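No value in this document is a laboratory result; all are computed from the given coordinates. In this text the structure is predicted, and so the values were computed from the model without any measurement. Backbone-built Cβ (ideal geometry, glycine too); neighbour counts: all protein chains shown.
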Amino acid sequence: MFALMGKLVDYQSVREGAVIIEGNTIRAVVTAEELREWGVDEVYGGDGYIVIPGLINAHTHVAMAKFRGLGEDLPTEEWLEKIIWPMESEWTRREIREWAEIGIREALMNGSTTINDHYFFADEIAKVAERLGVRAFIGQTVMDEVDFPLADPGDGRRFFRQWWGRSDLVTPTLAPHATNTVSLELMEEIAELSAETGARVHIHLAQSRAEVEEVRKRHGVSPVDLLGEAGLLNERLIGVHGIYLENSGFRKLAGAGSTLVHCPTSNVKLEARTVNLPKLLEINLNVALGNDSPNPVGILDPFIEMRTAGIAANLTSGRAHAVPARELFGMATVGGARALGLKAGLIEPGYLADLVLINAKKPWFKPGENVYSLLVYSARGSDVEMVVVNGAIAHRKIF
Ligand SMILES: [Zn+2]
């Protein structure tokens, strides 16, 4: 039994006190005086520290750390054709292990306790995630409308069956690549497996104009309606990006209880556009945040994504202070937890002990008022001092 102490901040409240961790859950939330009676083995933090629920990185491709910075200034199509796709076709298992480790360490040390990854060689990534102690939802990317051997649907099924129910930390997801690269039949099959098991379905959704046009040409419907036809429009669906969806599409996602993962840094770099976040919140669509890939975003730092989401919301809505800092923090915590079906994202007894200790004894945390604003606009991943996942210390800053 150990405790994290400081200013305890979650979406619901801000308190001074300590979080007592036993096993993989939060046992109690107490004051400094009460803590003395608990006889915990260790207390981390104290004055000048902030404790938050672990940030949930709801869309990543951790192994793509290998491509960081490559093709930086190329137009998106050329970047994919000249850099990403040729390099992806040459992956080896050893390289996937090496680069997944770099990406996962980076996500963890910057305060992500959970990642939701979508990539090839998912079994290798799952093993690395388990070894490093991050909570990971991992999907083997599958496609059947595009010839890409690494995305074979059979491998996706095998990975899912192998890992379902096997690990406390790693949960497999079903990961069709996108609405234009997967057939309706394969989507229907995935929908059945999801209904049977309760597994999450993680898919890129309306990420490019070409995707929307191809779906319209092939099926005569919008990407969201195609997901509906396939039986995928429900609370287990995690759609990513949505930057070319119409309002009706967002409303259908909200009505079905699905989640949209917002990745503003990636969107603005690759497509020079992103969603109108205040509109999504108005219709009560569950929104989570994701870093997407280290190429193009540069670094897997969930604090940067909260901040960019806030700034981008002003541009897309044409209104300053369009989304309060607390709401942005909520997307990275409770929004992500709801997307993945986790009892996490709040500092409450019985919740998973996925927590982050932040050293706030730095100039950019002064004077210390409005802690939500500090967490979104002042903090950065390098302020994270300790990361606890499933009740175990997964990262500790040593210098
Ligand atoms: Zn992606």
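Ranking of Phe303, Phe137 by neighbouring Cβ atoms within 10 Å, starting from the fewest: Phe303, Phe137. A simple charge model with +1 on the Cβ of Lys and Arg, -1 on the Cβ of Asp and Glu and nothing else charged puts the dipole of the chain at about 840 debye relative to its Cα centre. Between 0 and 90 degrees, the angle of helix 209-219 with respect to the longest Cα principal axis of the chain falls at about 50 degrees. With respect to the chain, whose longest principal axis is taken over its alpha-carbon atoms, helix 184-197 is tilted by about 30°.
Quick one: helix 247-256 against the long Cα principal axis of the chain, what's the angle to the nearest 10°, folded into 0 to 90? So the inclination is approximately 60 degrees. Which of Lys7/Lys269; Lys7/Lys127; Lys361/Lys397; Lys82/Lys269; Lys7/Lys397; Lys7/Lys362 have a Cα-Cα distance over 26 Å? Among Lys7/Lys269; Lys7/Lys127; Lys361/Lys397; Lys82/Lys269; Lys7/Lys397; Lys7/Lys362, the Cα-Cα distance tops 26 Å for Lys7/Lys269; Lys7/Lys127. The residue among Gly318, Val275, Pro264 whose Cα reaches farthest toward the positive pole of the charge dipole of the range 55-340, with charges on the beta-carbon of Lys, Arg, Asp and Glu, is Gly318.
Taking only alpha carbon atoms, the range 55-340 gives an Rg to Rh ratio of 0.93, where Rh is the Kirkwood radius.
Our summary gives the chain a relative contact order of 21 percent, counting only alpha carbon pairs under 8 angstrom and 6 or more residues apart.
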